[in-house]
1. Could you give the C-alpha radius of gyration of region 3-231 expressed as a fraction of 2.2 N^0.38 Å, taking N as the number of residues it contains?
2. Using the Karplus curve 6.51 cos²θ - 1.76 cosθ + 1.60 with θ = phi - 60°, what ³J(HN,Hα) values do you get for each residue of region 7-21, in whole Hz, with x for Gly and Pro?
3. Normalised by the residues of region 56-188, what does the relative contact order come to in percent, with Cα pairs under 8 Å and at least six apart?
4. Roughly to the nearest percent, how much of the accessible area of region 3-231 is carbon and sulfur, given a 1.4 Å probe?
5. Applying the Karplus parametrisation 6.51 cos²θ - 1.76 cosθ + 1.60 with θ = phi - 60° to the phi angles of region 166-172, what ³J(HN,Hα) value in whole Hz is obtained for each residue in order, glycine and proline being reported as x?
6. Using alpha carbon centroids, what distance separates region 21-80 and region 125-199, in Å?
7. Can you count the Lys pairs in region 3-231 with C-alpha separation below 29 Å, eight or more apart or on different chains?
8. Skip the ligands, DNA and RNA, and give the accessible area per residue of the chain with a 1.4 Å probe, whole Å².
Amino acid sequence: MPTTDIAPRDRLIVALDLPDIAQAEALIARLGDSVSFYKIGYQLAFAGGLALVPTLAGSGKKVFIDLKLHDIGNTVSRGVESIARLGATFLTVHAYPQTMKAAVEGRAGSSLQILAVTVLTSYDEADLVTAGYRLGVSDLVQMRAKQAEGLGVDGLVCSAEEVGTLRGIVAPKLCLVTPGIRPAGSASGDQKRIMTPARAIAAGSDYLVVGRPVLAADDPKLAAEAIHAEIAQALNR
Ligand code: C5P
């Protein structure tokens, strides 16, 4: 089961994978009280979307900045210091020791939490060999998860399929954030390793990242509420 001290309705993170601020604001208005947590990734961030962070935080919403940072330590640390001033809750970095250490240093004194991306879910064993790694996906994910924990990182981004293994090797305070969530009947799109909201929560996910099943729904608010219902059902089991 997931870490318990998170409000059930804060466990859904809607990915604002949209081309501009106007479309993001329209979706946020439409979703209203149904969504309290938003993720801003490359598409919106590089279209000026980081300007939304203080606005959202000021209106009581939580924000996950998904920029998957990776650079020399000093650059990461200074960059994270700037991001920490925006008022976001989560920021992603790649799970390289120097990068994670620098990110944890950069967010010191702020409420920003650092999430490490262990191995991108689009990578399989062959991709790792091509990229020059000697460990396979599972071993590399577990090694990086332990390194992240040792360096004071707050959580991990992983596939819901990895949650069971990771829950067994890292402390409960490390939150596990899982994309690739698909309510029964929704299109998988380019996601290969998918899980329903209820199964992902039952497996031990703390937060579910959902994009297209909400964004592309005829009624996004209804789609978000259906996911909340599944989360609540799984938590009460
Ligand atoms: O539309 P969909 O629900 O597939 O969106 C999932 C979101 O989670 C996207 O913003 C995607 O970039 C992000 N993500 C992912 N897999 C990861 C890390 C992040 O799908 N490993």
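1. For region 3-231, the normalised Cα radius of gyration is 0.97.
2. Rounded to whole hertz, the list is 4, x, 6, 8, 7, 8, 10, 8, 7, 7, 7, 9, x, 8, 4.
3. 19 percent
4. 55 percent
5. Those phi angles translate into 5, 4, x, 10, 10, 5, x Hz.
6. Centre-to-centre distance over Cα atoms comes out at 22 Å.
7. 27
8. 45 Å²
The values are calculated or read from the model by the stated rules, or taken from the named source; none is laboratory data. For clarity, every value in this text was computed on a predicted model and none was experimentally measured. These accessible areas exclude ligands, DNA and RNA; they are computed on the full protein's heavy atoms, side chains included. Shrake-Rupley method; radii C 1.70, N 1.55, O 1.52, S 1.80 Å.
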